[in-house]
Amino acid sequence: MILRASLLLLLLISASSAQHLWEARGLTGTPVACLAIDSTGTLYAGTKGAGISVSGDQGGAWRHAYGQNAAVACLIVSDRNEVFAGVEGVPALLQSHDAGANWTQVGSFPAAVTALAMDTRGILYAGAQTMFNSEDHGMSWNGWYPFKHPSVIQAVTTNVAWEVFAISTAKRDVISRSTNNSNHWDESFLDKGCRTLAVNAAGNIFAGTDSGMYKSLDNGDTWKQMNAGLGARQIRSIVIGRKNALYAGTDAGVYGSADHGVSWTEVGQGLTGVAVNALVVSPAGVLYAGTEDGIFRIVAPTTAVDGEQATPAQTFALLESFPNPVTASATVTFRLRTASTVSLSIVDALGRVVATLADDALPAGAHERRWTAGDLPGGLYVARLRVGAASETRKMLLR
């Protein structure tokens, strides 16, 4: 049964990739180095020489937010929707609390910040010749020293146990790791020219290299090549989607895996042979790619890659809200297979409608609605989507 399910999912990925095209979404002609997205769906693009641009409408329109000629190395959005950026020539971290409208410098480092990560506790990690961390959203920093000599930190990531993994350009065959959240580091050897790192919810570590993808099930002690369908392509970016779906931006297009990297298939049509420097998945499940020629997105393939492909009888899907638990507001996401009249509401534990987020006709595709809890008391709430006589619900916990 498991084998049949896996084969069906792989067939769905192949079918999706064959049917969907990548769509240009702005910054045409601009090399994009990094991407980030916040919980409202606001998209941030760091470029190789034109600063930071921001889009609040899924890439339909962009506004320049920072640095006319700045080269941006890394971007990250915190659990509080703060944006942090590392910029070439700036020995500090840029921080914005208002979607890039204003920026301040936080921290003081020996060099520009070239890699960023944040763990589930909200601790921020920055690579700037060596490693630093901040437990107060960038107000103060502690220095770590995993490398014997100063080096450019190319990538950093953390796992669910709050362990930290980093790659430096001085020793790209070595992944340095801190297994006790301190200045005690050891080394995991992977002699393949590492470029990027990612960790899924199961704790599997993925390393993108000059010769394809590698995976470790034992915290980096051993590695296995995972190139079936991918080949020995240079991996420039990795992102984890819903249900641990895995996406790789390569020097020749985007590839996806629904089985934890065991097998790969090209995602969509239109980026074959194109170098993809950055990937990000929106709260609605839309995959964005940053390339040497601007931003592209693909609207539908993530539904197949992450296992949420609609059956013939299923015409809509209400997805998990983000964030959940909810502290002040959340994004409620749903998909329509065909144009439909929908009703989306928030219901409290007594069955009372406390908010109506949608009550109109909508086109097919992915949709997002923002729920702001306001003065509502904490407790259990339900997002309820009705399409015709059918309905789906998702629980949300308001704190």
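The values are calculated or read from the model by the stated rules, or taken from the named source; none is laboratory data. Given the structure is predicted, the values throughout are model-derived calculations rather than measurements. FYI the Cβ positions are ideal-geometry reconstructions off the backbone, even for glycines, and counts take in every protein chain you see.
Table: residues versus (1) closer than 23 Å to residue 57 by Cβ; (2) over 30 Å from the mean Cα position of the chain (by Cα); (3) charged (D, E, K, R); (4) not assigned by TED's automatic domain parsing to the domain that holds residue 297.
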{"site": "347", "(1), (2), (3), (4)": "no, no, no, yes"}
{"site": "352", "(1), (2), (3), (4)": "no, yes, yes, yes"}
{"site": "357", "(1), (2), (3), (4)": "yes, no, no, yes"}
{"site": "364", "(1), (2), (3), (4)": "yes, no, no, yes"}
{"site": "367", "(1), (2), (3), (4)": "yes, no, no, yes"}
{"site": "373", "(1), (2), (3), (4)": "no, no, no, yes"}
{"site": "377", "(1), (2), (3), (4)": "no, yes, no, yes"}
{"site": "391", "(1), (2), (3), (4)": "no, no, no, yes"}
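Within the range 242-275, the residues that satisfy the criterion of being surrounded by 20 or more Cβ atoms within 10 Å (Cβ to Cβ) and part of a loop (DSSP other than H, G, I, E, B) are 245, 258, 261, 264, 267, 268, 271.
Contact annotation: residue pairs with Cβ atoms under 6 Å, 6 or more positions apart or on different chains, pairing a residue in the range 64-91 that is farther than 17 Å from residue 126 by Cα with a partner that is of a type in the set (A, V, I, L, M), are 65/52; 65/54; 66/52; 70/87.
Of the residues making up the range 247-254, none is in the same structural domain as residue 287 (by TED's automatic domain parsing) and at pLDDT below 90. Residues that are more than 11 Å from residue 318 (Cα to Cα) and among the polar types (S, T, N, Q) within the range 360-399 comprise just one, 372. Part of a strand (DSSP E or B), in contact with a strand residue (DSSP E or B) (Cβ under 9 Å, 6 or more places away or on another chain) and polar (S, T, N, Q): does that describe residue 338? So residue 338 fails the test.
Taken over the range 196-218, residues that are of a type outside the set (Asp, Glu), at pLDDT 90 or above and either at positive phi or not in a strand (DSSP E or B) (or both) amount to 2.
Yes or no: residue 41 surrounded by fewer than 21 Cβ atoms within 10 Å (Cβ to Cβ) and on the phi > 0 side of the Ramachandran plot? So residue 41 fits the description; yes.
If you check residue 327 against the conditions, is it touching a residue at least 12 places away in the same chain (Cβ under 8 Å) and either of a type in the set (A, V, I, L, M, F, W, C) or closer than 27 Å to residue 77 by Cβ (or both)? Considered against the rule, which asks whether it is touching a residue at least 12 places away in the same chain (Cβ under 8 Å) and either of a type in the set (A, V, I, L, M, F, W, C) or closer than 27 Å to residue 77 by Cβ (or both), residue 327 comes out as yes.
Pairs meeting the criteria (first residue in the range 344-358 and in contact (Cβ under 8 Å) with a residue 24 or more places away in the chain, second residue assigned to a loop (DSSP other than H, G, I, E, B) and of a type outside the set (Val, Ile, Thr), beta carbons under 9 Å, at least 6 apart or on different chains) are 346/373; 346/376; 348/376; 348/377; 354/348; 354/373; 354/376.
Note on the range 185-227: residues that are charged (D, E, K, R) and farther than 24 Å from residue 130 by Cα total 3.
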